Amino acid sequence: MFFSFFYIMFAAQLLSWAMKTPIFIIILLMVATRAYAQGTHDTLDDPFLKLEDLDGAESEDWTITYEELSDLAENKIDINNASEDDLLRLPFLSGQQVMDIQEYLYRYGAIRSAAELMMIPSIDYNTRQMLVRCIYFGDNSSRKRFPSVDSIIRKGRNEIMATAHIPLYEREGDKNGYLGYQYKHWIRYQFTYGKWIKAGIMASQDAGEPFFAGKNKWGYDYVSPYFLMRDCGKLKALALGRYRLRFGMGIVMNSSFSLGKQASISSLGHSSQGIFAHSSRQEYNYMQGAAATVEAVRHLDLTGFVSYRKIDATLNNDDNSISTILKTGYHRTISEMSRRRNASQTIAGGNVRYHNNGFHLGATGYYTTFDKMLRPDTSRLYKRYSPQGRQFWNIGIDYGYTSRRLTIRGETATGDCGAIATINSASLMLGNRLSVMAIQRFYSYKYYSLMSSSFCEGSSVQNESGICVGMNWAVLRLLSLSSYLDYAYFPWPRYLITGTSRTFDMQHTATWTKGSWDITARYRLKTWNRDNSETHSLDRVTQHRARLAITNNNKLWLSRTQCDISLYNQNGTSKGYMISQQAGIRTKTLQLYASVAYFNTDDYNSRVYAYERSTLYTLSFPMLHGNGLRAMASLRADIGKNLMIIAKAGTTHYFDRDVVGSGLQAINSNTITDIDIQVRWRL
C-alpha cells in the first residue's frame, strides 16, 4: 500500500510538471512507433465517439450511457454462450444483428476471432468495433448453467476502485460558501461472477460537499449498494438495493440510459430492456428496493418491482409541498444541503412481456406516491401541465416484430393525466449495405410520466410531435454514410419559448476506413425558436456544427487530428472553431496519451467541446469558449495482474480573461489545472 501511495503521488507530480512543460506535449504528440506493442487497445472511447452527437456532451444521459457501456466492456459477454437476452443487453446491436449472430452460431458453430465477425454482413465496421470491446470468444458453444455457490465464492472476481479529482486552484466558494473542501472523489467495491452475479457498493463525494462533517458526519454524501443476479433457472433477473429499469421504448418506464439520434439510427432503434444494477455515481432516476423477472411459461416473462427512496426537492413556502424535484445531487451550500432528501417517493409496478419468433407484446404499469404534494408554479405557461398532486399512475403497451430485414417497434401509453403518448419506429435493411429507419412520436402536452425517458427533442416525454428518418449506407467497402433528419413540433409553450415552436435537426456523417486509418467528416444543422425579450416575438435560431477528424489507431499507437467549426445565429452571428491533436502510445503494461487544442469562439453560443481520455467510467468533454489552449496528458500503468493506476492532468489557459467562471464557481486566474488519479485492485 505504501508503494501504491508513493506511485500515485509521484505520477501526480510528474504529470503536473509535464503539463507546464510544452516540450513534453510535443514529444508525445510526435512519438515514434518503434516500441514493441504486446497488448491490444480495448478502450471503448474510439467507437463510442462514432455514436456521440456533436453536442451530446451537454446531456446527462450520455454520461449514464457511457458508464453502462464501460461496465459491459469491463464485464464482457461470451458471445458463443450468449442467449438472445444477453445480446440484447448490448444497446448498439439491432434486432436483426442479434438474429444474424445467433443464426451464424447455429450454422457454423463457435466464433473464434474478431475477424470472423466480418462474415456477418449486417454487422458494419463501427458496430464491430463496439462489439469486440464487449465480448470474448468462449471455448465452446454449450450453454452454461447457473454456477454453484461454492464456484461463485471461489472463482468470483473482487474489485475495488478509488478515484480522486484534485483541482490546483481555488474557487470563490472554496474560500467562503461551500461546506466542504474542493476535492471530488469516489470509491467502489464490486464482486462479479460472469454474467450471473454483480454486487457492490458505490460511495461518492462531489467537490464542495462536507466529508465526515455536518449532515455527512458518517462520511460520503452519496452511498449506493446494489445486487443483481441473472439467469438462475426460471428467475431471469433479481435486483436488490439500487437498480434501474427500462421497458418498451421508455415512455412509461425508463430509469436506465437513453441513446441519442445518431446512436438510435446506428442501432436501428434497438434499446435494451429489463433490470440493471445501479452502480453509477448519478444521484437521481434510480430505484431502491427490489425487482425480479421470472419466466412464467415459455416465451412469457413477468417482472415486478417496488421502490422507496428519498429525493431532493425545492419546497414551496409552506414547506409541505414540492415545487421542483432536483436532479443535480449537489449538496455544497447551506441552501443545497437544506434540500437534501427532504421528500420521499414510493413506486410499485410491473411488466408482462410475450416474445416468440421475432414478435413481442408487452404491458408496463406503475403507481407512485410522494410524501408531500407536488405543486409546481403553474402560473408559468411552460409548467401549466406539469404533474400536480401526490399520487400518479401510468400504463402502456409496447409491441414489435423483428425479421431478417424488417423491424417494427412501438409503445402507446396513458395515465392519470388522461392524455396519450405514442412512439413508433420501423427499420428496413435494403440489402447488406443499406438500412433505412423512421421514428414517429406524439406526446400530448397534457401527458406526463415521472419515470419516462425516450426519443425526443425536448427535455421530457411531453408536448412534442415529430418524425425522424435516417439511413446507414455502406457505399463502398471503405466508405460509409450515416444521416438523419428530424422535425419536431411543440404545441404548448416551453422554457424560454412563449407560444408554439418547431425544430429541425439534420446531421450527415461520412466515414472512410482503411486498416488503422479513419477519416470522418460530420455536419449538423439545427434550427429552433427562442423568445426575443426586446420585440416580444419568437426568433429563429440557427446552429451549424462541422467536424473533420483524421485518425490512425492501431495496437501500438493513436494519432487523431481534428477540426471543429461552430456557427450560431440569432439576430447576429457567433463563430467558433477548434483545432486539436491527440496522440498516444500503448504497450501491454503502459499507456500514454496526450492532447492539445487551440480554440477561438466569439461567445458561449459558439462553444466547442474537446474530447479527452480520462479515468475509467468517466466521460470527459471539457466545454470551451473564448480564446485559449487546452492540454492534457494521461498515464495508465497495469502492474502485474491485479493493480492498475491511471493519472491524468489537464490544463486550460485563456488569453481573453483573468477570471474563469462566476459566482461561487469563479476562479481568479486565467489558467485552471486539474489532476485525476484512479487506482484499481482486482482479485
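The values are calculated or read from the model by the stated rules, or taken from the named source; none is laboratory data. Everything quoted here is computed from the prediction, not taken from an experiment. Heads up, the Cβs are rebuilt from the backbone with ideal geometry, glycines too, and the neighbour counts pull from every protein chain shown. Areas reflect the complete protein model, heavy atoms only, side chains present, ligands, DNA and RNA absent. Shrake-Rupley method; radii C 1.70, N 1.55, O 1.52, S 1.80 Å.
Figures for the structure shown
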item	result
Index of the failed condition, residue 247 passing every other in (1) over 20 Å from residue 350 (Cα atoms); (2) at pLDDT 90 or above; (3) not charged (D, E, K, R)	(1)
Count of the stretch 355-366 residues which are at pLDDT below 95, touching a strand residue (DSSP E or B) at 6+ places or on another chain (Cβ under 7 Å) and at negative phi	2
Residue match in the stretch 105-114 (condition: under 25 Å from residue 279 (Cα atoms), of a type in the set (Gly, Ala, Ser) and within 29 Å of the chain's Cα centre (by Cα))	no
Cβ pairs under 9 Å, 6+ apart, first in the stretch 108-121 and farther than 21 Å from residue 94 by Cβ, second surrounded by fewer than 13 Cβ atoms within 10 Å (Cβ to Cβ) and not hydrophobic (A, V, I, L, M, F, W, C)	109/140; 110/139; 110/140
Residue within the stretch 114-125 that is out of contact with any helix residue (DSSP H, G or I) (no Cβ under 6 Å at 6 or more places or on another chain), at pLDDT 85 or above, open to solvent by 70 Å² or more (accessible area, probe 1.4 Å) and within 30 Å of residue 333 (Cβ to Cβ) present	no
Of all residues in the stretch 365-387 being among the polar types (S, T, N, Q) and over 18 Å from residue 493 (Cα atoms), the one that is most open to solvent (accessible area, probe 1.4 Å)	369
Filter pass, residue 564 being surrounded by 15 or more Cβ atoms within 10 Å (Cβ to Cβ) and touching a Leu at 6+ places or on another chain (Cβ under 7 Å)	no
Residues satisfying the stated conditions in the stretch 401-422, i.e. at pLDDT below 90, open to solvent by less than 40 Å² (accessible area, probe 1.4 Å) and not β-branched (Val, Ile, Thr)	403
Residues being more than 24 Å from residue 300 (Cβ to Cβ), in contact with a strand residue (DSSP E or B) (Cβ under 9 Å, 6 or more places away or on another chain) and among the charged types (D, E, K, R) - total across the stretch 384-426	4
Residues of the stretch 618-645 classified as among the hydroxyl-bearing types (Ser, Thr, Tyr) and either farther than 21 Å from residue 184 by Cα or part of a loop (DSSP other than H, G, I, E, B) (or both), total	1
Those residues of the stretch 156-209 which are open to solvent by 30 Å² or more (accessible area, probe 1.4 Å), basic (Lys, Arg) and over 24 Å from the mean Cα position of the chain (by Cα), in sequence order	157, 175
Test: residue in the stretch 448-468 that is surrounded by 20 or more Cβ atoms within 10 Å (Cβ to Cβ), in contact with an Asp or Glu (Cβ under 6 Å, 6 or more places away or on another chain) and over 23 Å from residue 398 (Cβ atoms)	no
Residue check for residue 656: open to solvent by 20 Å² or more (accessible area, probe 1.4 Å), of a type outside the set (A, V, I, L, M, F, W, C) and assigned to a loop (DSSP other than H, G, I, E, B)	yes
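So that you can scan it fast, the table gives a plain yes or no per residue for (1) in contact with a strand residue (DSSP E or B) (Cβ under 9 Å, 6 or more places away or on another chain); (2) buried (at least 18 other Cβ atoms within 10 Å of the Cβ):
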residue	(1), (2)
560	yes, yes
573	yes, no
587	no, no
604	yes, no
609	yes, yes
